[in-house]
Ligand SMILES: *Cc1c(COP(=O)(O)O)cnc(C)c1O
């Protein structure tokens, strides 16, 4: 396949996803302009990001910091540093990788431990950089899900207190700009259950907002290829979409 064929294919699929976003927003009575599509390019090569760029995509998502750093360097070698591409780190961060994220990510969606937040803050301060971050919360209760424990946040005072303390500390750490929450839907669950996890995440953000007023709480990152319409109905402002735009990923995920 020539690059231009791939670009055209991506542009068509991206347009179809945009149309679904508009439809989902419209049926929820929301302005579609509130919803940012992050095109998830993990495991694809830098050439795929180039094709996505030519197709008009400006937000890309990677789940590993070293892969983000390498791909970003390769893309910027061709487009320069001012291409307008925004690089979202959407996967979890290990503490020995915080320097990579501090250096190369533009937004970090998966902050799931205070230890990581503190290290990131120090790394950012050293570089004089700021990084918008979202707290990943585990609302569904699936054991495989990462994130701050929020499985029973509505009725569990200890969970509420822990979430509040976390949000307050992160909001006060230099270099970190707390923007909101991120969550993942349960696997293979019926739509009602998935919708409920998203709605409960949104409710948690609304509960935190007046209690941690120094953060804007404007970002809710939820929804992927299989469930982004449900996420938008529940208030998502960022959807992270890979397969619907690029097709099945090459191995590596
Ligand atoms: C891979 C990934 C996505 C995208 O998944 P698709 O099903 O391809 O849309 C979204 N969010 C995270 C955190 C991911 O790791």
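Some values worked out for this structure:
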{"item": "Paramagnetic reach from residue 188 in the range 121-155 [backbone N under 16 Å; point 7 Å along Cα→Cβ]", "result": "142-145"}
{"item": "Distance (nanometres) between label positions extended 7 Å along Cα→Cβ at residue 162 and residue 251", "result": "3.8 nm"}
{"item": "Whole-Å semi-axes of the ellipsoid equivalent to the range 202-253 (Cα gyration tensor, √5λ, descending)", "result": "29, 12, 7"}
{"item": "Förster radius 41 Å - calculated FRET efficiency between residue 8 and residue 70, Cβ distance, rounded to 0.05", "result": "0.95"}
{"item": "Value at 222 nm in deg cm²/dmol, rounded to 500, when DSSP H runs of n ≥ 4 in the chain each add -39,500 (n - 2.57)", "result": "-14500 deg cm²/dmol"}
{"item": "Ratio of Rg to Rh over the chain (Cα coordinates, Kirkwood Rh, two decimals)", "result": "0.96"}
{"item": "Largest-first principal axis extents of the Cα set of the range 1-127 (Å)", "result": "41, 40, 24"}
{"item": "Two-site label geometry, residue 23 and residue 209: point separation in nm, points 7 Å out along Cα→Cβ", "result": "2.9 nm"}
{"item": "Protection proxy ranking of 161-168, 88-95, 185-192, 172-179 - average other beta-carbon atoms within 10 Å, highest first", "result": "88-95, 172-179, 161-168, 185-192"}
{"item": "Distance between modelled label sites at residue 125 and residue 226, nm, 7 Å Cα→Cβ extension", "result": "4.3 nm"}
{"item": "Overall form of the range 31-99 per C-alpha gyration tensor (a/c, 1.5; a/b vs b/c)", "result": "oblate"}
{"item": "Burial order of peptide ranges 65-73, 200-208 (average beta-carbon count within 10 Å, highest first)", "result": "200-208, 65-73"}
{"item": "Computed over the chain: relative contact order in percent, which uses C-alpha pairs under 8 Å that are six or more apart", "result": "20 percent"}
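All of the numbers you see were taken from the coordinates with simple rules; none came from a lab. Source: prediction; values computed, not measured. For neighbour counting, all protein chains shown are included, and Cβ atoms are generated from backbone atoms with ideal geometry for every residue, glycine included.
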